[in-house]
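**Q** Got a structure here, written out as structure tokens. Questions coming.
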Amino acid sequence: MTERMRRVNESIKEVLGVTLPELKDPRIGFVTITGVETSPDLRHARVFVSVLGSEKKREKSIDGLQAAHGLLQARIAR
């Protein structure tokens with residue numbers, strides 16, 4: 001991974017880390033961003049998360065994050 005890609009990944013991770021607590025969706029529990037991998041053309045990013053709680057709480061948190069996809073993507077684009 002190049003230095004540029006590492007900086008881009010860290011920037012996205014930071015933006016998402018700041019944005020997650022602002023989400024008002026009650027389904028989203030304690031979520032931690034553990035990593036980000038972006039494609040070389042910066043069109044796609046794979047975000048890795050860790051969710052604490054039971055399996056049911058984890059599924060609800062993931063559903064909440066998927067529902068907030070557009071908002072999260074807009075925050076990254078800024």
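**Q** Need one word for the range 22-64: rounded, prolate or oblate. Basis is the Cα gyration tensor (sqrt eigenvalues a ≥ b ≥ c); a/c below 1.5 gives rounded, then a/b vs b/c decides. The partial results should precede the final answer.
**A** On the way: a/c = 2.81, a/b = 2.12, b/c = 1.33.
The shape class here is prolate.
**Q** Can you work out the Karplus-derived ³J(HN,Hα) for every residue in the range 5-20? Use 6.51 cos²θ - 1.76 cosθ + 1.60 with θ = phi - 60°, whole Hz, and x for glycine or proline.
**A** 5, 4, 5, 4, 4, 5, 5, 5, 4, 5, 4, 5, x, 6, 6, 3
**Q** So what's the back-of-envelope 222 nm ellipticity for the chain, counting only DSSP H runs of four-plus at -39500 (n - 2.57) apiece and dividing by all residues, rounded to 500? Each step should come with its number before you reach the end.
**A** On the way: 3 runs with 39 residues, N = 78.
Mean residue ellipticity at 222 nm (helix-derived): -16000 deg cm²/dmol.
**Q** Calculated from the structure, Kirkwood radius over Cα pairs in Å equals which of [x] 12.5; [y] 13.1; [z] 12.1?
**A** Answer label, from the structure shown: [y].
**Q** Take the solvent-accessible surface of the protein heavy atoms, probe 1.4 Å, and return the percent of it on the chain that carbon and sulfur atoms account for. Spell out each step's value before the answer.
**A** Numbers: 3080 of 5770 Å².
About 53 percent, which is the carbon plus sulfur part of the accessible surface.
**Q** Label point 7 Å out from T32 along Cα-to-Cβ: which residues of the range 52-78 have amide N under 13 Å?
**A** Under cut-off, by backbone N: 52-53.
**Q** Can you give the charge dipole size of the chain about its Cα centre, rounded to the nearest 20 debye, using +1 on the beta carbon of Lys and Arg and -1 on the beta carbon of Asp and Glu?
**A** Computed about the Cα centre, the dipole is about 80 debye.
The values are calculated or read from the model by the stated rules, or taken from the named source; none is laboratory data. Please read these numbers as outputs of a predicted model, since none were measured by experiment. Please note: Cβ atoms are built from the backbone with ideal geometry, for glycine as well, and neighbour counts cover all protein chains shown. For accessibility, only protein heavy atoms count, side chains too; no ligands or nucleic acids. Shrake-Rupley method; radii C 1.70, N 1.55, O 1.52, S 1.80 Å.
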